[in-house]
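This report refers to the structure that appears directly beneath it.
Quick note: the coordinates plus some simple rules give every number you see, no bench work behind them. Remember, predicted model here, so these are calculated numbers, not experimental data. Neighbour counts are summed over all protein chains in view; Cβ atoms, including those assigned to glycine, are modelled from backbone coordinates with ideal geometry.
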Amino acid sequence: MNAPEERAVPQPSPDDDTYVENLDALTRDLDDIEALAAAALDGQSLDQAAAYRISHAPTRLTYDELTQHNQQRREAEAWGDAELADILDLTALRQLDEWRTAQRIRWERSDLVVVGVAGLLGALANLYDTQLDSKVLEGLAWLKKTDLITRWEQDAKGMPIDYMGSKFGGPGHRGLSAGHDIGRFFNALNQVRTGTFEGTYWEYGERFARVSTTTPFGTPYSEVEWPLALAQLLKHWVADFVTPMSLPLPGWTLLRDMPARELRAFGQEAYAGDHGGSGLNLRSGLLTPGLGMVATEVIIRTHTHLAAYRETGSPRLPTATSAKRTEMLLAGHTAAGAVSLSKTAAAAVAGETVVAVRHLNVPVLMRIGMLALKVRSDAVTRAASGVSSWSQLLQDEATTWTLPEAIAIAELLEEPGTTSPMTQFSPETDLE
């Protein structure tokens, strides 16, 4: 004899409208039961209509049948729309929010399409990074010719950070000291304020410091006050940024102070490149690759916020949806990061050697690391949330209906010769 087929117990989501409507109907029934119990305990007459309706409520309905029954009651009695905030107390609402937070939202087909498009766009930006950087450089060259930048360039000439004496000259001089390194802002600002150049160089494994208050031709640098020094430094950096050599990456000039000669050589060769502007600098290392990263971010974020607006009327993302957005961003940026690493390796093998590092998409790789940590953090938070499962909730609710008080209420509503639906219920009853 074949075993009877097991029927799956439906598990509606708290975000399902039918769930809210059924919960609203249950709440109204419980209010009626409490009113009947209070009247019975006070010796007052019972609401016979309510008692008859509750005692003759249909039992063993499927979820769809229960939903249809409650919808008919809602229309007949003109209850209006059901709102969770009107049904649940603050504790229950907080538990519901914890439940939503603990759920990982599955991706929909539209999510996969959006991530694919965003990832492809980011990958193409990395694949054609050289061509994209040349276009960015053309735009900056136009900006350099504007009256504002030209005037700033004139105002910021003759500063100590442009010292080009022995050991500090050449087309890559901006990568040899802290003056053009935005990651060493206070060091550069102090040089401008005091009119003193400071730098280090190495000979035969020994480190030397170079401090100069004059140009290589003996012309003294001027000391300036803090506000003027700050203005001159920023103007100088902006004027240099729009040139082909741009500025070093933040903190890049610290390689100049490293005792390992290989690191010092790597830092200078990677910045200088094969020709002016072909190396790894602030433009080619952050601005240009950042364009593809921003495009990926805009596409995915726009999709998720528009989806939230269509569903809730607000672009604000719930916790669970925000976690899904993080997963989507990680997937989209990973495609771009993979292309970046592959192209860097291929360029190095093809003969670019150290200069191949310019193909690394530094912003995307950093973003991937941060997103990976966030995805891991979200997973740990969900695992440690301690939110009750559906089975635990069923057990807790079933236990409530077996209490003596619940049985006593059921007996008050029971008519002679009938069996109360309350007394028929047991935790072992299969819900359908």
Seminar exercise, completed: One finds, for R210 and A384 with R0 = 60 angstrom and r their Cβ-Cβ distance, a FRET efficiency to the nearest 0.05 of 0.60
For this session: Quick one: check the C-alpha center-to-center distance for segment 227-286 versus segment 107-133, whole angstrom.
Result: 29
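What does the charge add up to near R283, with Lys and Arg as +1, Asp and Glu as -1, over the other residues with Cβ less than 11 Å from its Cβ?
Net of charged neighbours comes to -1.
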Problem set entry | Relative packing of peptides 19-26, 244-251 - highest average C-beta neighbours within 10 Å first | 244-251, 19-26
Seminar exercise, completed: Charge tally for neighbours of M328 with beta carbon under 14 Å away, counting Lys, Arg as +1 and Asp, Glu as -1, is +3
Exercise. Check T200: other-chain or 5+ apart residues with amide H under 5 Å from its amide H, H built from backbone geometry?
Worked result: R210
